[in-house]
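This report refers to the structure that appears directly beneath it.
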Amino acid sequence: MTWEELEQKCHQCLNCPLGETRTNMVFGVGNRQADILFIGEGPGEQEDLQGEPFVGPAGKLLDVMLELIDLDRTKVYIANIVKCRPPNNRDPLNAEQDACIGYLRAQTALIKPKIIVCLGRIAAMRIIDKDFRITRQHGQWFDRAGVQMMAIYHPSALLRDPTKRPETFLDLKSLQAKIRELSPDTYLT
Ligand code: URA
């Protein structure tokens, strides 16, 4: 499937009830050739209105986090487990994740990232390990079929609980080191 075909399919998708209530499907943003893929949970209010991931308060913090390690949206790709907003920002249901995850898998197959960063426990439980414990396992590296993966706290969690920020800074520095090792070109362009 090409990017255009995939995006078209997502725009038309009614595979789960979230399709009925969305304002906009939130496909993803960034560099389609990136070596680094960030995966969040699902669109919030602002994302639903604007059709772009991480543009609300959590997104502003994500941009700061990227900047701390010399990244920005032109150097990475950012997507979510589900592409339509769950009502009242509740966690996406398993059935909704099941209905949507194929699109993210297709995006991942096109991007071929070397590094995947899960933002928060919902993404980590879906992508790294169904029993993932974010408090204990954030910042740890996992090899999944040759792709290096880790999870960090979701920026919304860091907004709610700033005491988690110092450990997240260490996780980001570990990510930066991994990028220097596996994708030095990311920092040259
Ligand atoms: N939270 C997410 O997980 N994804 C977004 O796109 C915005 C907020």
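The number of residues in the stretch 137-184 being under 19 Å from Leu71 (Cα atoms) and without any contact (Cβ under 8 Å) to a residue 24 or more places away in the chain comes to 6.
Would you mind finding the one in Val64, Val26, Val82 that is free of Cβ contacts under 8 Å to residues at least 60 places away in the same chain, assigned to a loop (DSSP other than H, G, I, E, B) and either closer than 18 Å to His154 by Cα or of a type in the set (Val, Ile, Thr) (or both)?
Val26
Scanning the stretch 37-61 for residues that are of a type outside the set (Gly, Ala, Ser) and part of a loop (DSSP other than H, G, I, E, B) yields Glu41, Pro43, Glu52, Pro53, Phe54, Val55. I'd like to check something: does the stretch 68-77 contain any residue that is among the β-branched types (Val, Ile, Thr), in contact with a Gly (Cβ under 6 Å, 6 or more places away or on another chain) and more than 16 Å from Thr21 (Cα to Cα)? Within the stretch 68-77, one or more residues are among the β-branched types (Val, Ile, Thr), in contact with a Gly (Cβ under 6 Å, 6 or more places away or on another chain) and more than 16 Å from Thr21 (Cα to Cα). It is to be established whether one or more residues within the stretch 140-149 are within 16 Å of the ligand (Cβ to nearest atom) and at negative phi. No, because not a single residue in the stretch 140-149 is within 16 Å of the ligand (Cβ to nearest atom) and at negative phi.
Hey, can you tell me all the residues within the stretch 111-123 that are in a helix (DSSP H, G or I) and touching a helix residue (DSSP H, G or I) at 6+ places or on another chain (Cβ under 6 Å)? Result: Arg121, single match.
Output the residues belonging to the stretch 50-90 that are charged (D, E, K, R), out of contact with any Asp or Glu (no Cβ under 8 Å at 6 or more places or on another chain) and more than 11 Å from the ligand (Cβ to nearest atom). Quick ask: steps written out before the conclusion?
So in the stretch 50-90, the residues charged (D, E, K, R) come out as 52, 60, 63, 67, 70, 72-73, 75, 83, 85, 90.
If we keep only those that are out of contact with any Asp or Glu (no Cβ under 8 Å at 6 or more places or on another chain) as well, we get 52, 60, 67, 70, 75, 83, 90.
Matches in the stretch 50-90: Glu67, Asp70, Lys75, Arg90.
Residues in the stretch 143-156 that are under 26 Å from Pro43 (Cα atoms) and surrounded by fewer than 19 Cβ atoms within 10 Å (Cβ to Cβ): Arg144, Val147.
Filter the stretch 26-41 down to the residues that are at positive phi and either surrounded by fewer than 19 Cβ atoms within 10 Å (Cβ to Cβ) or in contact with a helix residue (DSSP H, G or I) (Cβ under 8 Å, 6 or more places away or on another chain) (or both) and list them by number.
Gly28
Does Thr108 qualify as being β-branched (Val, Ile, Thr) and closer than 28 Å to Gln140 by Cβ? So Thr108 passes the test. State all residues of the stretch 108-120 that are closer than 19 Å to Glu4 by Cβ and over 12 Å from the mean Cα position of the chain (by Cα); if no residue qualifies, say none. Hits for the stretch 108-120 are Ala109, Leu110, Ile111, Lys112.
Okay, residues lined up against (1) assigned to a loop (DSSP other than H, G, I, E, B); (2) more than 16 Å from the ligand (Cβ to nearest atom); (3) in contact with a Ser or Thr (Cβ under 9 Å, 6 or more places away or on another chain):
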residue	(1), (2), (3)
Asp98	no, yes, no
Arg105	no, yes, no
Thr108	no, yes, no
Met125	no, no, no
Asp129	yes, yes, no
Arg136	no, yes, no
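Arg90 passes every criterion in (1) free of Cβ contacts under 8 Å to residues at least 24 places away in the same chain; (2) on the phi > 0 side of the Ramachandran plot apart from (2).
Laboratory data are not the source of any read-out in this text; all were calculated from the coordinates shown. What you see is a predicted model; the values in this text were computed from it and never measured. Glycine gets a Cβ as well: all are built from the backbone with ideal geometry, and neighbour counts include every protein chain shown.
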